[in-house]
Each structure stands twice: as structure tokens, then as C-alpha cells.
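Beneath this line is the structure, given in C-alpha cells, with notes to follow.
The values are calculated or read from the model by the stated rules, or taken from the named source; none is laboratory data. Since the model is a prediction, treat every value here as computed from it, not as a measurement. Please note: Cβ atoms are built from the backbone with ideal geometry, for glycine as well, and neighbour counts cover all protein chains shown. Remember, those area values only see protein heavy atoms, side chains included, never the ligands or the DNA or RNA. Shrake-Rupley method; radii C 1.70, N 1.55, O 1.52, S 1.80 Å.
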Amino acid sequence: MNNQSRTMPVCFTTEQVKLLEKYAKEKGMLNFSQAVEQIIMKNIRE
């Protein structure tokens, strides 16, 4: 992946946000958007 800045609006339910926040906290991330990015990048590589 190149260094272009890419954005895409993504909507989550309150329950999904809580799950993402929990995942981010367990992985030592600052916020759930980092978790979303990591999950997306992992799935792109597979």
C-alpha cells in the first residue's frame, strides 16, 4: 500500500463501538479507529 491518505466513512452501532474500544484497549491502542484500521489491513493482506 502506498502512502496516499484514504478515508471512508464507516458506521457502527453502539454495541460495535464498545467491542472495538475493548479490542483496542486490549491491544494497547489509543482509540478504536486504530483497531478498525488494523482489522481492515489484516483482512486486505489475507
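In the range 4-18 there is at least one residue that is in contact with a helix residue (DSSP H, G or I) (Cβ under 7 Å, 6 or more places away or on another chain) and in a helix (DSSP H, G or I).
Pairs are defined by a Cβ separation below 9 Å, a sequence spacing of at least 6 or placement on different chains, a first member in the range 1-13 that is over 15 Å from PHE32 (Cα atoms), and a second member that is modelled with pLDDT of 75 or more and open to solvent by less than 100 Å² (accessible area, probe 1.4 Å); the pairs so defined are MET1/MET41.
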